[in-house]
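Read-outs: derived from the displayed coordinates by stated rules, not from any lab. Every value quoted in this text rests on a predicted model; they were computed, and no experiment measured them. Cβ: placed from backbone, ideal geometry, glycine included. Neighbour counts: every protein chain shown.
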């Protein structure tokens, strides 16, 4: 009997995902040759393991990444081609992969950021063709993608590049092709405040790119925009974001006094368990709390830059920001959330430069609003009455006012509170000038 041509493979000790095997084949191939069509077809059909890809790319130094130009260039161009084809699920996987690739590549420190990043992703001789097509593919996907999820992922890829390569020349490709109509169409098509937030944040970053060096097309678009429905969606999303940012401050230290109740009385006696009372929130050590406050506000605060730009450029946006009231009476108006977050930023502005800059940015926005006579009249009128929660996390505390109040009174309290809590031997003159301007 002839021996069987089949041979038994030894069982591996640890099974590895096929996509991880492909990652290793791409980035750890010493020969570094071009991969076959079959390799790339399989690569984008398999669900990506983003954590592993992030770990592999994170372990490669900037100098080694420049040496490994062929794998990163191939991955970048093949992903663009896959997104352009629009075939599911490969386009989804390509967008997810690109987000991680760009975040990992752009977060590294290079000697010559612009040229080095171009060499890693496209090559100096191909950069115009590759990035022109890349921006065009993103624009078309954001505008006419087959689903909101795909369009959202395209925005995330654009955000990843825009935020990571902000100090390089790569963003000039986004000024050559205007993404504003696509972003606004996406905002009009979605009902999610989270999705609106990312689109608006991206718009703010693009509108600020080299704005003092040339006529930024996105800033011109902000001035001419008159779609009130889209503006109200953006303002609602901004208010929701401000509310979430404030919640993170409250999670560190709840500044509302606990009212008397039967449960609290039993809790003081150690008998709260008898009536099912909720356990008291743990008290955080002051030093630990200070470190936690120093990490705030979260990354979502980037939307405050876009808010300032829109307020600076567009009177219709200003009017809606001050007057917009939501359908539900239980929901805080966006302007109330904005002023509330500003008070928290002002009380903690001394902790870090980042917090101080965001506080100053919000003060600039408020100054623009109160400098407009019609809006200032509205802010001071009884029509602006609404409940506004102001920060009470540091002594001397503001009085607790639970009911409706005129918006101007809340602004005055917030400014006075900011003056009280930012007194230093080396006074921040610019910050105090803003306080006095608003007052």
Q) Working out 0.36 nm times the residue gap between residue 45 and residue 395, then minus their Cα-Cα distance, what length gain in nm do you get to one decimal? A) 120.2 nm
Q) Label-point separation (nm) for residue 167 and residue 315, each offset 7 Å from Cα along Cα-to-Cβ? A) 3.9 nm
Q: Work out, in µm²/s and without decimals, the Stokes-Einstein translational diffusion coefficient of the stretch 139-268 at 10 °C, 1.306 mPa s, Rh from Kirkwood over C-alpha pairs.
A: 94 µm²/s
Q: Quote the relative contact order of the stretch 18-177 in percent (integer), defining contacts as alpha-carbon pairs under 8 Å separated by 6+ residues.
A: 23 percent
Q.
Using 0.36 nm times the number of residues separating residue 367 and residue 194, minus their current alpha carbon distance, what extension gain do you get?
A. 59.6 nm
Q. How high is the relative contact order of the chain, in percent, counting Cα pairs under 8 Å that sit 6 or more residues apart?
A. 10 percent
Q. Using a Gaussian network for the chain with springs between C-alpha atoms less than 10 Å apart, which of these wobbles most: 177, 424, 219?
A. 424
Q: Please arrange 252, 322 by counting, for each residue, the other beta carbons lying within 10 Å of its beta carbon, fewest first.
A: 252, 322
Q.
To test your reading of the geometry: what angle, between 0 and 90 degrees and rounded to tens, separates the Cα axis of helix 193-208 from the longest principal axis of the chain?
A. 80 degrees
Q.
What FRET efficiency comes out for residue 132 versus residue 219 if R0 is 30 angstrom and r is the Cβ-Cβ distance? Round to the nearest 0.05.
A. 0.85
Q.
Angle check, please: helix 407-421 long axis (alpha carbons) against the longest principal axis of the chain (alpha carbons), in degrees 0 to 90, nearest 10.
A. 80 degrees
Q | Which label in [x] -0.46, -1.27; [y] -0.58, -1.19; [z] -0.37, -1.54 gives the computed log10 I(q)/I(0) by the Debye sum over Cα atoms at q = 0.07, 0.14 Å⁻¹ | A | [x]
Q: State whether the stretch 18-177 is rounded, prolate or oblate according to the following rule on the C-alpha gyration tensor (a ≥ b ≥ c being the square roots of its eigenvalues): a/c under 1.5 gives rounded; otherwise a/b larger than b/c gives prolate, and the remaining case gives oblate.
A: oblate
Q. Highest mean first, what order results for 67-76, 306-315, 207-216, 37-46 on Cβ atoms within 10 Å?
A. 306-315, 67-76, 37-46, 207-216
Q: Provide 324, 179, 26 in ascending order of the number of other Cβ atoms located within 10 Å of each residue's Cβ, fewest first.
A: 324, 26, 179
Q.
Compute the distance from the alpha-carbon center of the stretch 47-125 to that of the stretch 195-239, in whole Å.
A. 28 Å
**Q.** Length added when fully stretched, residue 17-residue 177, from 0.36 nm per residue minus Cα-Cα
**A.** 53.7 nm
Q: Mind sorting 110, 432, 218 by how few other Cβ atoms lie within 10 Å of their own Cβ, fewest first?
A: 432, 110, 218
